[in-house]
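In what follows, a structure is listed as structure tokens, so that the remarks can point back to it.
The values are calculated or read from the model by the stated rules, or taken from the named source; none is laboratory data. What you are looking at is a predicted structure, and each value in this text was computed from that prediction instead of being measured. A quick note on method: Cβ atoms are made from the backbone with ideal geometry, for glycine too, and the neighbour counts reach across all protein chains shown. Protein only, heavy atoms only, side chains kept; ligands, DNA and RNA dropped before computing areas. Shrake-Rupley method; radii C 1.70, N 1.55, O 1.52, S 1.80 Å.
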Amino acid sequence: MNDLLTYLASFFSYNIEKPLLFTQIHFWVFLLVVYAGFSFIITRRWRLTARNAYLFAVSLLFYYKTSGLFVLLLIFSTILGWLLGIGMDRSPSQPRRKLLMTIGVAINLLVLCYFKYAYFFTDIFNASFGTDYHIAIKIMLPVGISFYTFQNISYIVDVYRRKIAHVSNILDFGFYTSFFPQLVAGPILRADQFVPQLYKPFFLGRRQFGIAVFWILNGLVKKLILSDYLAVNFVDRVFDNPALYTPFENFSALLLYSLQVYADFSGYTDIAIGVAMLMGFYLPVNFNSPYKATNPTDFWRRWHMSLSRWLRDYLYIPLGGNRTSGVASYTILAVILLIAAFRLHSLPFTLAVVAVLLTVGLLWLFRPSHRRTLGTNVNNMDTMLLGGMWHGSSFNFITWGGLNGIGILVYKWWHRQGWLVQLEALAGATLLLQLARIIWGGPLLAMLHVGFLISFAIFTLLALLPQNARGTRRAQHVWSITLTFVFISFTRLFFRSGSNLDPAEANEQAWQTASMMVTQIGSHWNLAQIPDILGHYWMPFVVFAIGMAIHWLPERLKRRYRLTFASLPLWAIATIAVVTVVVVYQFITADLQPFIYFQF
């Protein structure tokens with residue numbers, strides 16, 4: 001009895017070293033107890049609010065186990081959104097509605113900025129004015145604050161736009177803001193998509209049950225076999241000290257990290273979708289085979305789809321989208337670029353920023369016919385830069401967002417050109433990089449020159465083949481996927497370098513890691529070492545190859561084996577589940593890896 005009481009006391013108390021992770025047995029014990037209570041409630045003829053209130057309470061317990069007293073911040077955010085929703089719907093005055101909406105968005109963003117960007121802005125201020133101010137109190141980042149903040153903003157804006165009516169019962173609304181499967185790492189719930197589910201009775205059919213179990217098992221396999229194994233046995237080793245590893249190992253770490261971060265984040269999402277489905281709720285799909293993307297725009301339609309759509313609907317379109325642009329669009333771009341120039345103290349970068357801003361200004365002044373296209377491009381760039389900042393408070397994340405923005409703009413220009421212009425542009429860029437490499441040297445220019453040289457050679461070869469041939473179209477498709485994957489993986493150099501760092505030191509450490517990896521990748525490649533490296537790390541490379549092969553399977557085949565699994569007898573599903581769990585837990589390391597997106 002004493003042991004049981006001790007366990008229960010430990011279970012209901014907050015321990016920073018033992019948060020409730022999907023990969024820990026404690027979470028599944030928690031879910032079993034929660035589901036037992038949930039099953040009892042849904043078998044009674046009580047109002048749906050009783051179910052929602054119960055799930056709200058256990059979600060708060062889940063968040064307390066994950067973030068301690070920061071649960072009070074979640075409660076504050078919940079009460080704020082609920083009151084503002086009621087206030088807007090009951091207000092007959094449109095200006096008053098708009099004022100309430102503005103207050104709600106502003107408070108949510110201010111809270112987010114304080115916890116997430118206080119060190120970042122302090123660092124910028126010190127670097128710009130030569131001061132040495134420090135934040136006296138160490139600021140801890142509440143887990144998942146970006147996700148539930150965006151959900152609250154979604155609700156406030158959707159009520160203001162009259163897309164949905166306000167939620168009158170705070171227990172129902174609290175359930176929307178805190179539903180525990182997706183609370184700390186998404187997907188981001190849109191109010192217009194999830195609020196209607198609050199009032200639907202529970203239903204879990206035989207097939208839905210099978211699909212739910214499939215998603216949970218699929219997520220565990222992704223997280224523990226693909227993501228954690230690649231991280232512990234290769235990726236983390238290289239990123240911890242890039243100088244100790246060869247150019248090939250550094251480049252390979254980028255490619256393997258792309259699979260790691262996908263398996264980690266989509267694995268969490270799969271488990272969240274499965275757990276929610278067991279309770280009769282449906283979360284939005286967050287990934288659609290992103291590494292099948294043929295260009296950067298296509299990639300962001302497939303990756304972290306709930307965030308991409310949120311940014312589109314609540315940032316990109318309000319800025320003007322592809323229709324127009326206003327003062328806000330150009331101000332955001334100018335402020336971010338100028339802050340970066342002040343902070344980095346790099347003459348070449350500062351000159352590049354001045355050149356970009358002058359070019360934008362001159363085009364706006366003297367090419368009125370191009371203002372719409374210019375505005376669309378600026379809105380795209382603003383969205384990607386702010387999307388980068390959403391992920392973290394260091395310039396590495398801004399760099400990552402900016403590179404993705406540049407990739408999208410370059411692709412849009414490229415797509416509008418004929419093959420001859422494309423060939424000329426690629427040849428010109430390759431020659432300019434070669435000239436710059438001769439004059440200035442440096443690993444970055446060397447890396448870019450080699451990349452453009454390879455791209456030019458392959459593009460020329462594909463251009464010489466018969467364009468109507470099926471084999472040529474397939475080769476072009478494969479090349480587009482490969483080029484997009486390599487580009488996205490390279491941008492992740494800055495994403496990974498800024499992850500899992502103390503915000504007070506993130507800028508310096510992240511930039512040093514990124515610079516060191518660029519130096520290594522851009523240095524001399526000894527091709528003779530590659531077979532030995534592949535032989536030494538054969539298992540991570542095999543896991544990577546298997547993971548990518550499964551990822552590239554046709555979607556119709558994946559859907560077929562999901563439905564086949566869901567249609568199996570219950571005893572067969574149970575047997576497969578047990579075998580899968582036993583196999584998966586053979587891959588668990590001594591120190592479980594936290595989900596990457598917990599920090600956001």
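Observations on the model:
- Placing pseudo-labels 7 Å out from each Cα toward the beta carbon at R90 and L420 gives an inter-label distance of 7.0 nm.
- T49/Q586 FRET efficiency (R0 45 Å; Cβ-Cβ; nearest 0.05): 0.55
- Semi-axis lengths (Å, descending) of the ellipsoid that matches the C-alpha gyration tensor of region 159-302: 36, 18, 14
- 0 to 90° range, to nearest 10: angle between helix 506-521 axis and the chain longest Cα axis: 50 degrees
- Ordering of 304-315, 140-151 by packing is 140-151, 304-315, highest average first (other Cβ atoms within 10 Å, averaged per residue).
- On the beta carbon distance between K200 and I75, with R0 = 22 Å, the FRET formula returns roughly 0.30.
- The angle separating the long axis of helix 371-391 from the principal Cα axis of greatest extent in the chain is about 60 degrees.
- Residue order for E249, E555, E424 - accessible surface, 1.4 angstrom probe, largest first: E424, E555, E249
- Between the entries [x] 226; [y] 193; [z] 142, the label attached to volume of the Cα convex hull per residue in Å³ calculated for this structure is [y].
- Extension gain, S369-R162: 0.36 nm per intervening residue step, less the Cα-Cα distance, totals 71.0 nm.
- Potential lengthening between F342 and Q24 on full extension [0.36 nm per residue; Cα-Cα distance subtracted]: 110.0 nm
- Three-way shape label, region 324-465, alpha-carbon gyration tensor, a/c 1.5: oblate
- The chain: angle of helix 443-464 to the longest principal axis, Cα-based, in degrees nearest 10: 90 degrees
- Chain lengthening between I533 and L563 when straightened (0.36 nm per residue, less Cα-Cα): 6.8 nm
- Average accessible surface area per residue within the chain, 1.4 Å rolling probe, Å²: 48 Å²
- For region 438-456, no residue has its backbone nitrogen under 17 Å from a point 7 Å from the Cα of V354, taken along Cα to Cβ.
- A simple rule links phi to the HN-Hα coupling: the Karplus curve 6.51 cos²θ - 1.76 cosθ + 1.60 with θ = phi - 60°, which for region 419-424 gives 5, 5, 5, 4, 5, 5 Hz, with x for Gly and Pro.
- Centre separation in Å (Cα based) which lies between region 74-129 and region 220-263: 38 Å
- Protein accessible area in the chain, 1.4 Å probe - carbon and sulfur %: 69 percent
- All C-alpha to C-alpha distances of region 277-403, sorted into 10 Å bins beginning at zero, yield P(r) values of 12, 36, 33, 15, 3, 1 percent in whole numbers.
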